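Right, one structure below, let's go through it.
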Amino acid sequence: MTDNSFPAGFLWGASTAAYQIEGAVREDGRGPSIWDTFSHTPGKIANGDTGDVACDHYHRWRDDIGLLRELGIGAYRFSTAWPRIQPTGRGAPNEKGLEFYDRLVDALLDANIQPWLCLYHWDLPQALEDKGGWRNRDTAYRYRDYAAIVARRLADRVSYWATFNEPNIFTYRGLGQGDHAPGLQSREAVWRAIHTVNLAHGLGVLALREQRADLKLGNIYNLAPREPATDREQDRVACELMGAIMNDAFPDPQFLGKYPEPIADDIKPYVRDGDLAIIKQKLDYFAFNHYSRSRIRWDNDHLFHVGYAKIDAPVTAMGWPITPDGLRESLVDAKARWSGDLPVYILENGAAFDDAVDAEGRVRDPQRIDFLRGYLGALLDAVAAGVPVKGYFVWSLLDNFEWALGYDKRFGIVYVDYTTQKRIPKDSYFFYRELARGAPLDR
Ligand code: FCB
């Protein structure tokens, strides 16, 4: 018999990211980030959308915390915007920027919601990009200083910290594929950035522990099973490269102290003596985001010779195949390769669908509910297989700025009407609320 109850103490959460919801990009001393520059570059974002206003969360945070409280979840994961806190990425902190997160954290605690703070969700200060961004080793040391500033202010009240969100995605897509900020297309830039970000992670962990030794620290990876489209040699090679960049490039050095074989020689020129010891820090939890599995084929025209082959499964509005079992597989694989007995958290999972408000003012999203049911079922299967999964955070609380795809793609369990900024909880919000109240999964 399958047990459809979640383990005792299971943590239900929701995740967001600063640039995707805050808006107020020129307020209270915030400096520009690479996403401001990128989104204001014609042709980069669907419909010419930008994060200038987004969900106006910078002004509506109280209401948004109200939505979280009503939802009854135990934790909220947000990110701090580096350019709010250090407008040029270095030097004295901007007091107003810190105050915003100070208030947010206090209000979350008042609502009995654990704040989970992610230090970097892709919004690098533009001034650092102008000096080479993540291609420049010095950025790791700037990041360390920034981490120390945020910890000095918030570590008395925030226990759970993550150094980075999806380092694989922002390095590969931002510097390799070029469809994310800062929009470079260079293999060399990706190798350099992978190492700088790993180094920043290690330095960041050291800086955070110095502020408070018992903080709970981790990094938010993005993991998914990848398989070659055919057993042709070229497809296998492409798939191994993708697996190394997308799955292993961060957890391998951080947990095993080495880079994965398919990319180790590419990264070697940038690794200095002692770096890997800094990078491999003891972490307190293992977290990753997961969306969908993929099938990889060789593509001559792509910078990394990587293409995607069709998977026989229904897709979301992103075109991402709905493949719940991939979550079980990633959890089981991660335990074997990296996480061992560490508590594991899924810090993002969810789906975009073409939601609309109906005549009664209600947003019916049965597809999202089915999606969540499927993936949560896979999570329970992983628990049954012995993976200590301790929590699940849905992506996302609100519809928001979905990077290159702008506001077209709605991932929220709460609908946002961008003309009025009205929030409307979708049916999935109420479904999620039942789970947070302890309901078993009906599957
Ligand atoms: C992840 C990102 C998050 C969101 C979801 C859909 O890669 O971390 O910001 O865009 O995808």
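Only one entry of F371, F430 meets the criterion of being over 20 Å from the mean Cα position of the chain (by Cα) and either at pLDDT 95 or above or within 15 Å of I346 (Cα to Cα) (or both), and that entry is F430. The condition of being among the acidic types (D, E) and without any contact (Cβ under 8 Å) to a residue 60 or more places away in the chain does not hold for D123.
Within the set V416, V389, the sole residue that is in contact with an Asp or Glu (Cβ under 6 Å, 6 or more places away or on another chain), of a type in the set (V, I, T) and either free of Cβ contacts under 8 Å to residues at least 40 places away in the same chain or crowded, with 17+ Cβ neighbours inside 10 Å (or both) turns out to be V416. In this entry, N289 passes the filter for residues that are within 16 Å of the ligand (Cβ to nearest atom) and either exposed (fewer than 14 other Cβ atoms within 10 Å of the Cβ) or within 24 Å of L175 (Cα to Cα) (or both). Residues of the range 74-87 being closer than 30 Å to G438 by Cβ and not in a loop (DSSP other than H, G, I, E, B), which ones? A75, Y76, R77, F78, S79 - these are the residues of the range 74-87 that are closer than 30 Å to G438 by Cβ and not in a loop (DSSP other than H, G, I, E, B).
Rundown of residues vs (1) assigned to a loop (DSSP other than H, G, I, E, B); (2) in contact with a Phe, Trp or Tyr (Cβ under 7 Å, 6 or more places away or on another chain), yes/no style:
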residue: N4; (1), (2): yes, no
residue: T41; (1), (2): yes, no
residue: A54; (1), (2): yes, yes
residue: L67; (1), (2): no, no
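Among residues of the range 383-396 being of a type outside the set (S, T, Y) and within 12 Å of the ligand (Cβ to nearest atom), the one that is nearest to the chain's Cα centre (by Cα) is W395.
If the condition is being within 16 Å of the ligand (Cβ to nearest atom) and over 20 Å from W395 (Cβ atoms), then the range 348-368 contributes no residue at all. Checking the structure you have, find out if any residue of the range 264-272 is part of a helix (DSSP H, G or I), more than 16 Å from the ligand (Cβ to nearest atom), within 17 Å of M242 (Cα to Cα) and free of Cβ contacts under 8 Å to residues at least 40 places away in the same chain. Looking through the range 264-272, at least one residue is part of a helix (DSSP H, G or I), more than 16 Å from the ligand (Cβ to nearest atom), within 17 Å of M242 (Cα to Cα) and free of Cβ contacts under 8 Å to residues at least 40 places away in the same chain.
Listed here are the residues, each with its yes/no results for (1) on the phi < 0 side of the Ramachandran plot; (2) small (G, A, S); (3) in a strand (DSSP E or B).
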residue	(1), (2), (3)
G89	no, yes, no
G97	yes, yes, no
D102	yes, no, no
N112	no, no, no
Y143	yes, no, no
A148	yes, yes, no
R152	yes, no, no
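Within the range 255-265, the set of residues being surrounded by fewer than 19 Cβ atoms within 10 Å (Cβ to Cβ) and of a type outside the set (A, V, I, L, M, F, W, C) comprises G257, K258, E261, P262, D265. Restricting the range 397-408 to residues that are surrounded by fewer than 24 Cβ atoms within 10 Å (Cβ to Cβ) and near the ligand (Cβ under 10 Å from one of its atoms) leaves a set whose member that is nearest to E329 (Cα to Cα) is E402.
The single residue among L331, L380 that is in a helix (DSSP H, G or I), more than 16 Å from the ligand (Cβ to nearest atom) and either touching a His at 6+ places or on another chain (Cβ under 9 Å) or at positive phi (or both) turns out to be L331. The residues in the range 176-211 that are within 22 Å of G406 (Cβ to Cβ) and either within 16 Å of the ligand (Cβ to nearest atom) or small (G, A, S) (or both) can be counted, and the count is 7.
C118 meets the conditions (1) in contact with a helix residue (DSSP H, G or I) (Cβ under 8 Å, 6 or more places away or on another chain); (2) within 16 Å of the ligand (Cβ to nearest atom) in every case but one. The failed one is (1).
The values are calculated or read from the model by the stated rules, or taken from the named source; none is laboratory data. Not measured: the values here are computed from a predicted model. Neighbour counts are summed over all protein chains in view; Cβ atoms, including those assigned to glycine, are modelled from backbone coordinates with ideal geometry.
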